[in-house]
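First the structure, in the form of structure tokens, and then the observations on it.
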Amino acid sequence: MSPMNAQSQIEPPLGLILELTHRCPLQCPYCSNPLALERAHDELPAAIWLDVLDQAAALGVMQVHFSGGEPTAYQALPRLVARAAHRGMYTNLITSGVTLDRARLARLAEAGLDHVQISFQDVQPDSADRIAGYAGAHARKLAAAARVREAGLALTLNFVVHRHNAQRVPRMIELGEELGAGRIEIAHVQYYGWGLINRAALLPTRAQLDAVTAAVEAGRARLKGKLVIDYVVPDYYARRPKACMGGWARRFINVSPAGRALPCHAAETLPGFEFPSVRDRSLAEIWQRDPAFARFRGTEWMPEPCRSCERRETDWGGCRCQAFALTGDAARTDPACALAPDHELILAAVAERPATPPAFVYRRMERAQPSRTASAVITSK
Amino acid sequence: MNQARSAVLDSTAVPRFGVGVRFRYDQTRAAWVLLAPERMFVPDAQAVEVLKLVDGSRSLAAIVDSLAARYAAPAEVIAADVAALLQNLSEKGAIRW
């Protein structure tokens, strides 16, 4: 097959995730940002983001997710939203909500923002604030959610669940109804990066997981046609891995605050990769030709048991970052799969879950030491 | 099952796109798409014709009449298909009544 043919088979990306900044007022111990957070002075200027948005529309991107850190901390956010909306792309703000005051929200709505997703840490204010590491965060989020609805925008409530709040999922769903959300995300912590460092403090029991699943199913049945509930399970109790990012470089491009284009937000943890920068390469070139994007795309790279598995185009081999974090080799089958040769690593983590959770390691810039890598945590056990 | 569902749908009900849902033509894919929070649907040709008539003021009956006239097909057949489609999209959050 000629390289031209190989390229023409690559479908355009559906989603572009812009991590505008790693600055954030919250310190959640399961933050999806990398351990080595990028500083404000490394952030891309608005002119480059605007150009990236133009390129994304031309490439066929349908949805733009403005994320962070806290994306509202990036001054030019309304201009970026306006450009994305002008280019016909669906605009989604993924925010903590604590700084989403009326004036800011009005500017975003006017810019053409379609949807706001607010993260919640719990439904119990004291617990929510403790998890966020920010006193008063929960009250601010409730107010922000109400403002989003007043502004006529679609609202999603995102709850990250773990051993400290799993029992309150039924109440989380009720809160979504009360606040007029069209969608609720009940997402178990994913154990990479900060989540992996805090795994012993966060991992629920099997019984907790089952109760959450039952609560989600009951909520879905009750709210059918009124409110959508999306559920993200923790791989630690799954038999098959999740299709991380819908497959490596199949649907999404994630751009870090400094402009590195990644197939997923955690990909920078993988060794041996040089991820391209949007400062010096076009999005089209990155998507269609970059070796880092091509590395785990499709099924050719797969080892057994993935290669001959009937689910190879369902879960795409699971998560490369999890495979690396747990086994030291990003090309291994995701250990979350019960068929993986390294599955005992997951079983061991579950077996070693402490009865009393240790204190959180909060997400902080100054904590992000280069030596504190996920694999170092695993091997130091 | 679809028929059972359509039977309970009131033909005077007015479907509309949910808040934050956009129906538009995508040049790159040469296809109509329905964009919703964290979701994208690519409706088939028949569904596209139905969704083009969803404007927040036409009732289910008006949509069916319009399609029946255009395709010279029995309204009952069209009604069942349209109701099933809209009901399905309503469960996915894309259509609200």
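Summary of computed values
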{"read-out": "Cβ-Cβ under 7 Å pairs, at least 6 apart or on other chains, the range A:51-79 side away from chain B (no Cβ under 14 Å) and hydrophobic (A, V, I, L, M, F, W, C), far side surrounded by fewer than 19 Cβ atoms within 10 Å (Cβ to Cβ) and not in a loop (DSSP other than H, G, I, E, B)", "value": "A:Ala76/A:Ala46"}
{"read-out": "Test result for A:Gln124, out of contact with any His (no Cβ under 7 Å at 6 or more places or on another chain), more than 30 Å from B:Arg24 (Cβ to Cβ) and either surrounded by fewer than 22 Cβ atoms within 10 Å (Cβ to Cβ) or touching a residue at least 12 places away in the same chain (Cβ under 8 Å) (or both)", "value": "yes"}
{"read-out": "Selected residue (criterion: nearest to A:Tyr90 (Cα to Cα)) from residues of the range B:20-54 that are facing chain A (nearest Cβ under 7 Å) and among the basic types (Lys, Arg)", "value": "B:Arg22"}
{"read-out": "Residue count, the range A:235-291 (criterion: under 19 Å from the mean Cα position of the chain (by Cα), assigned to a helix (DSSP H, G or I) and not β-branched (Val, Ile, Thr))", "value": "7"}
{"read-out": "Some residue of the range A:253-276 being closer than 30 Å to A:Thr205 by Cβ and without any contact (Cβ under 8 Å) to a residue 40 or more places away in the chain", "value": "no"}
{"read-out": "Selection from the range A:45-70 of residues that are touching a helix residue (DSSP H, G or I) at 6+ places or on another chain (Cβ under 8 Å) and surrounded by fewer than 23 Cβ atoms within 10 Å (Cβ to Cβ)", "value": "A:Ala46, A:Leu50, A:Asp54, A:Gln55, A:Ala57, A:Ala58, A:Leu59"}
{"read-out": "Residues within the range A:127-139 that are surrounded by fewer than 19 Cβ atoms within 10 Å (Cβ to Cβ) and either in contact (Cβ under 8 Å) with a residue 40 or more places away in the chain or in contact with a Cys (Cβ under 9 Å, 6 or more places away or on another chain) (or both), tallied", "value": "1"}
{"read-out": "The range A:55-84, subset charged (D, E, K, R) and assigned to a helix (DSSP H, G or I), residue nearest to A:Ala137 (Cα to Cα)", "value": "A:Arg79"}
{"read-out": "The range A:24-48, residues that are under 20 Å from the mean Cα position of the chain (by Cα) and not in a loop (DSSP other than H, G, I, E, B)", "value": "none"}
{"read-out": "The lone exception for B:Ser57 - which of (1) over 9 Å from the mean Cα position of the chain (by Cα); (2) within 11 Å of chain A (Cβ to nearest Cβ); (3) not aliphatic (A, V, I, L, M) it fails", "value": "(2)"}
{"read-out": "Residue ranges of helices (runs of 4 or more DSSP H) in the range A:103-221 with at least 2 members within 30 Å of A:Thr269 (Cα to Cα) and not aromatic (Phe, Trp, Tyr)", "value": "A:125-132, A:193-197, A:199-202"}
{"read-out": "Residues that are crowded, with 17+ Cβ neighbours inside 10 Å and either small (Gly, Ala, Ser) or on the phi > 0 side of the Ramachandran plot (or both), drawn from the range A:86-111", "value": "A:Ser96, A:Gly97, A:Ala109, A:Ala111"}
{"read-out": "Hits in the range A:257-272 - residues which are surrounded by 15 or more Cβ atoms within 10 Å (Cβ to Cβ) and out of contact with any Ser or Thr (no Cβ under 6 Å at 6 or more places or on another chain)", "value": "A:Ala258, A:Ala261, A:Leu262, A:Pro263, A:Cys264, A:Ala266, A:Ala267, A:Glu268, A:Thr269, A:Leu270"}
{"read-out": "Candidates A:Arg149, A:Arg168, filtered to the one that is closer than 30 Å to A:Arg206 by Cα and either surrounded by fewer than 20 Cβ atoms within 10 Å (Cβ to Cβ) or more than 11 Å from every other protein chain (Cβ to nearest Cβ) (or both)", "value": "A:Arg168"}
{"read-out": "Single condition A:Ala238 does not satisfy, out of (1) surrounded by fewer than 23 Cβ atoms within 10 Å (Cβ to Cβ); (2) within 14 Å of another protein chain (Cβ to nearest Cβ); (3) among the aliphatic types (A, V, I, L, M); (4) under 30 Å from A:Leu175 (Cβ atoms)", "value": "(2)"}
{"read-out": "Residue in the range A:180-222 that is nearest to the other protein chains (Cβ to nearest Cβ), counting only those that are buried (at least 17 other Cβ atoms within 10 Å of the Cβ) and of a type in the set (D, E, K, R)", "value": "A:Arg183"}
{"read-out": "Single match in A:Pro341, A:Pro303 (criterion: closer than 26 Å to A:Trp194 by Cα and assigned to a loop (DSSP other than H, G, I, E, B))", "value": "A:Pro341"}
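Residues are listed down the side, and each one gets a yes or a no for (1) more than 24 Å from A:Lys141 (Cβ to Cβ); (2) free of Cβ contacts under 8 Å to residues at least 24 places away in the same chain:
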{"residue": "A:His164", "(1), (2)": "no, no"}
{"residue": "A:Met172", "(1), (2)": "no, no"}
{"residue": "A:Ala181", "(1), (2)": "no, no"}
{"residue": "A:Asn198", "(1), (2)": "no, no"}
{"residue": "A:Arg220", "(1), (2)": "no, yes"}
{"residue": "A:Arg239", "(1), (2)": "yes, no"}
{"residue": "A:Trp248", "(1), (2)": "yes, no"}
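No value in this document is a laboratory result; all are computed from the given coordinates. Since the model is a prediction, treat every value here as computed from it, not as a measurement. No Cβ is skipped: glycine too gets one built from the backbone with ideal geometry, and neighbour counts run over all protein chains shown.
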